[in-house]
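Written out below as structure tokens is the structure these notes cover.
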Amino acid sequence: MSKPATARAGAPAPGFTPAVLEGVLERITYANEDNGYTVARVDTGRGAGELLTVVGSLLGAQVGESLRMEGRWGSHPQYGKQFTVDNYTTILPATIQGIRRYLGSGLIKGIGPKIAERIVDHFGTDTLDVIEQEPKRLVEVPGLGPKRTKLIGAAWEEQKAIKEVMVFLQGVGVSTSIAVRIYKKYEDASISVVKNQPYRLAADVWGIGFLTADRIAQAVGIPHDSPERVKAGMQYALSQSTDQGHCFLPEEQLISDSVKLLQVDTGLVIECLAELAADDEGVVREQVPGPDGGEPVTAVYLVPFHRAELSLAGQLRRLLRADEDRMPAFRDVAWDKALAWLAQRTGAELAPEQEAAVKLALTSKVAVLTGGPGCGKSFTVRSIVELARAKKAKVVLAAPTGRAAKRLAELTGAEASTVHRLLELKPGGDAAYDRDRPLDADLVVVDEASMLDLLLANKLIKAVAMGAHLLLVGDVDQLPSVGAGEVLRDLLAPGGPVPSVRLTRIFRQAQESGVVTNAHRINSGQQPLTTGLKDFFLFVEEETEEAGRLTVDVAARRIPARFGLDPRRDVQVLAPMHRGPAGAGTLNGLLQQAITPARPDLPEKRFGGRVFRVGDKVTQIRNNYDKGRNGVFNGTVGVVTALHPDDQRLTVLTDEDEEIGYDFDELDELAHAYAVTIHRSQGSEYPAVVIPVTTGAWMMLQRNLLYTAVTRAKRLVVLVGSRKAIGQAVRTVSAGRRFTALDHRLG
């Protein structure tokens, strides 16, 4: 690792002569993921095991590295003497102790503390030279075979190459993990791509958005008004809008958003938009009806979303009009007899609206079943499946999440899988089943269909065979999908071609549940009842920070003590937003301390501002088609079951009972899941939920948000916060629909 890495952390005043400090980075005690500000402890080698505190932007520095830091000495009233770092260089350690610490820190894959000890005992101060120049000699070390020797040599070379990319990138404030990704994507071409085509990074490398690519582009001298920059910025603005759920943006809005983002002339944006629209791979412009049937607007789509919307509408129309029928037995069935047989089999009679839903699903090629909690959706689905099976129909059951699929399987006594697994998605995201190779199913039932976004719904419906029946089941009053589109709502649009049944009657047994009662109260704009119930509570706390602390106490201690529930498995904190003192980000840190605290015998790995430990509850935060049997998807939840510092890898057991391995440089795909945002909880169900509802989340408080959170609970809901905030949530009906044209294309 002959080239040192330098990083600039903050410019000192002109004429200032910096102090210099050298030491081994022993541990990082705090790291802010947003701005890189770090508090760390270094060993300066002055003996007595004394560690010194250093603060500043130590972006990219790894535990175990020897650093040469420039900066200034100071004193903190609480923490005493400390060194503020303005910039630093990584240097190779020269002492036996430094080399042992460096190699044993897990920086080089294949070398952990024990193997580091053996290597350094054998080669002494020549260790790093041997690894650099004669790695084959590592077989001289007892217990190191040719396989591991080769792995260590390759890891060293990769680390060296990544360092060179990092030296180049740190000047523009790019984090270590992103430098690693850039290197893995482009390898030896990394620096060339970054210098000459920086906007490619935003499209090619997960974790790099337009803003980071733009910062790099400015640093390498690409002009502010370059057409390349403007086109990349407009595609970024469209991509951001899909993250907010829109399938397109009206042209006027896209132009004004882009002018604001890029700070360039409107005329230049209009010219570049015309060029993008002329290029088949750029964007598509099309006239569609305005919101609520108003004046037509010119919609601008990213190409994949335009194709998916056209394809989904076309495929639904084809299914609805198909002449063939894979369940012909239900065309002229004697319904009285069939329903009597069903009542005998299930031990309960269907209500009239449930009967209507059963008949619809078994006679119509596409149907939607919607309704709130306690209205019998689950029993209706079970009844449909029982009757279909009685006529020897092949039934396939799926849901968007692992938890929802498990629930569907328990309910029907038949196998159910996630939509991704059903379609056998392959690396890159293509499905093994599609229009040319449809699913062998007579009836496809998809639960929690409010979670289906446009892209996934298109993949799914393409795989339904002509003549098969498709039943989509979901609660349309919940939050719409995390991804773009409002598929379920669009299918239920008045006057549309897809038939549907909405269940409205709350069954007597469900009426006894405070959770169900309050969910319906919230959905109809009434305050929830918070006294005299055995399963619905409010802890009043006006101050947001205190409400955050109380939420942690309720979830980690009070509920487990009173109800005998496991705080990791059975209790879920659902926050309206990620940021803030009662947001999911802060609460995750506090809940981890309470539920999975640090222990000397518990291995852990710090990554950015997070620490991962065995036993941690985690969630995947991006779709990764290359992991697991059929990909791992945004929102998948699991528990860390193993952590191997030597192999720089941890293992997660997902709620689909699949073990997934993560290299340490992939850990920004994982976040802690002791607390999640309400949006991320869709499709999941938990024995108990705790919901902080505070005025700190004022802008996010909406009726469908609180309704979705409450309907995630099977047995128990605890609200923590202020009555004023709850009132705001109940009163505020979600503003504005998403920009989609699926209902128009279906009409």
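The values are calculated or read from the model by the stated rules, or taken from the named source; none is laboratory data. Quick caveat, the model's predicted, so the values are computed rather than measured. Counting neighbours? That spans all protein chains shown, and the Cβs are built from the backbone with ideal geometry, glycine included. The area values use the complete protein model at the heavy-atom level, side chains included, leaving out ligands, DNA and RNA. Shrake-Rupley method; radii C 1.70, N 1.55, O 1.52, S 1.80 Å.
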Evaluation of D121 against (1) modelled with pLDDT of 80 or more; (2) within 40 Å of the chain's Cα centre (by Cα); (3) within 19 Å of G143 (Cα to Cα) (one fails), failing number: (2)
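So that you can scan it fast, the table gives a plain yes or no per residue for (1) among the β-branched types (V, I, T); (2) open to solvent by 20 Å² or more (accessible area, probe 1.4 Å); (3) within 16 Å of M466 (Cα to Cα); (4) not in a helix (DSSP H, G or I):
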| site | (1), (2), (3), (4) |
| --- | --- |
| P304 | no, yes, no, no |
| L316 | no, no, yes, no |
| D325 | no, yes, yes, yes |
| D336 | no, yes, no, no |
Filtered residue count, the range 443-483, keeping only those that are in a helix (DSSP H, G or I), open to solvent by 30 Å² or more (accessible area, probe 1.4 Å) and not charged (D, E, K, R): 2
Residue in the range 656-674 that is modelled with the lowest pLDDT, counting only those that are assigned to a loop (DSSP other than H, G, I, E, B) and buried (at least 21 other Cβ atoms within 10 Å of the Cβ): E656
Close pairs from the range 340-367: first within 22 Å of I506 (Cβ to Cβ) and at pLDDT 95 or above, partner in a helix (DSSP H, G or I) and of a type in the set (F, W, Y), Cβ under 6 Å, at least 6 apart: none
Criterion (in contact with a strand residue (DSSP E or B) (Cβ under 7 Å, 6 or more places away or on another chain) and in a helix (DSSP H, G or I)) met by exactly one of A356, A329, A308, A299: A356
Residues satisfying the stated conditions in the range 494-512, i.e. under 13 Å from A356 (Cα atoms), open to solvent by less than 100 Å² (accessible area, probe 1.4 Å) and in contact with a strand residue (DSSP E or B) (Cβ under 6 Å, 6 or more places away or on another chain): P499, S500, V501, L503
Test result for R435, modelled with pLDDT under 95, basic (K, R), more than 21 Å from the chain's Cα centre (by Cα) and assigned to a helix (DSSP H, G or I): no
Conditions (1) open to solvent by 10 Å² or more (accessible area, probe 1.4 Å); (2) farther than 25 Å from Y88 by Cβ; (3) at pLDDT 85 or above; number of the one not met by R215: (2)
Residue ID - surrounded by the most Cβ atoms within 10 Å (Cβ to Cβ), chosen from residues in the range 359-381 that are in a helix (DSSP H, G or I) and among the basic types (K, R): K377
Tally, over the range 561-604, of residues that are touching a residue at least 60 places away in the same chain (Cβ under 8 Å), aliphatic (A, V, I, L, M) and either open to solvent by 70 Å² or more (accessible area, probe 1.4 Å) or more than 30 Å from D646 (Cβ to Cβ) (or both): 9
Selection count, the range 690-716, where residues are within 17 Å of G585 (Cα to Cα) and either assigned to a strand (DSSP E or B) or touching a His at 6+ places or on another chain (Cβ under 6 Å) (or both): 4
Qualifying residue in the range 55-68 (condition: assigned to a strand (DSSP E or B), modelled with pLDDT under 80 and under 25 Å from Q648 (Cα atoms)): yes
Of all residues in the range 44-88 being open to solvent by less than 30 Å² (accessible area, probe 1.4 Å) and touching a Pro at 6+ places or on another chain (Cβ under 8 Å), the one that is farthest from Q159 (Cα to Cα): G71
Hits in the range 484-509 (condition: within 32 Å of the chain's Cα centre (by Cα) and not in a strand (DSSP E or B)): A484, G485, E486, V487, L488, R489, D490, L491, L492, A493, V498
Only one of I108, I115 that is within 30 Å of R46 (Cβ to Cβ) and outside any helix (DSSP H, G or I): I108
